[in-house]
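The values are calculated or read from the model by the stated rules, or taken from the named source; none is laboratory data. What you see is a predicted model, and the numbers here were worked out from it, not measured in a lab. With ideal geometry, Cβ positions are generated from the backbone for all residues, glycine too; neighbour counts draw on all protein chains shown. SASA here: full protein model, heavy atoms, side chains in, ligands and nucleic acids out. Shrake-Rupley method; radii C 1.70, N 1.55, O 1.52, S 1.80 Å.
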Amino acid sequence: QVQLLESGGGLVQPGGSLKLSCTPSTSILSINAMGWYRQVPGNQREYVAVITGRGLSNYADSVKGRFTISKDNAENTMYLQMDSLKPEDTAVYYCAAGLMGDTWRAPMMFWGQGMQVTVSS
């Protein structure tokens with residue numbers, strides 16, 4: 001079992017930036033892929049971005065060019081830099097790890113508890 005510790009959520013104005021962090025309880029080097037997802041109440045959980053152990057990344061069209069996923073092996077942490085935030089980015093953001101398939105959108109094995117990101121003036 002891998003625990004995922006998330007931080008960095010909060011309130012930001014439209015056009016602003018926020019950086020989310022996710023630290024796994026095991027070495028990040030042992031994880032094949034990690035990602036970020038988000039969910040608005042009443043909606044299904046939405047794919048945001050995934051990064052592989054080798055550093056390859058993929059993004060949802062809705063965040064491409066505004067969000068950047070990265071990881072720091074030395075810090076054992078994955079990040080999501082969110083720029084040019086819009087009110088429609090408001091959601092609970094989840095960190096996930098352990099891609100169970102060969103596609104970017106395959107299910108993930110482990111999930112964090114989620115944190116609120118609110119984009120509002």
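The number of residues in segment 94-120 being within 18 Å of Glu6 (Cβ to Cβ), open to solvent by 40 Å² or more (accessible area, probe 1.4 Å) and not polar (S, T, N, Q) comes to 2.
Would you check if Thr77 is modelled with pLDDT of 95 or more, open to solvent by less than 30 Å² (accessible area, probe 1.4 Å) and closer than 22 Å to Gln3 by Cβ? Can you show your working first?
Working: modelled with pLDDT of 95 or more: yes; open to solvent by less than 30 Å² (accessible area, probe 1.4 Å): yes; closer than 22 Å to Gln3 by Cβ: yes.
Judged against the criteria, Thr77 is a match.
Given Leu11, Leu18, Leu56, which one is among the hydrophobic types (A, V, I, L, M, F, W, C) and without any contact (Cβ under 8 Å) to a residue 24 or more places away in the chain? Talk me through it step by step, then tell me what you get.
Numbers: Leu11 fails: without any contact (Cβ under 8 Å) to a residue 24 or more places away in the chain; Leu18 fails: without any contact (Cβ under 8 Å) to a residue 24 or more places away in the chain.
It is Leu56.
For (1) open to solvent by less than 30 Å² (accessible area, probe 1.4 Å); (2) at positive phi; (3) not hydrophobic (A, V, I, L, M, F, W, C), each residue gets a yes or a no:
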{"site": "Thr23", "(1), (2), (3)": "no, no, yes"}
{"site": "Val40", "(1), (2), (3)": "no, no, no"}
{"site": "Ile51", "(1), (2), (3)": "yes, no, no"}
{"site": "Ile69", "(1), (2), (3)": "yes, no, no"}
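Within segment 80-93, does at least one residue satisfy the condition of being of a type outside the set (A, V, I, L, M), in contact with a Phe, Trp or Tyr (Cβ under 6 Å, 6 or more places away or on another chain) and open to solvent by 10 Å² or more (accessible area, probe 1.4 Å)? Checking segment 80-93: not a single residue is of a type outside the set (A, V, I, L, M), in contact with a Phe, Trp or Tyr (Cβ under 6 Å, 6 or more places away or on another chain) and open to solvent by 10 Å² or more (accessible area, probe 1.4 Å).
Being polar (S, T, N, Q), farther than 22 Å from Val119 by Cα and touching a Gly at 6+ places or on another chain (Cβ under 7 Å): is that true of Asn58 here? So Asn58 does not fit the description; no.
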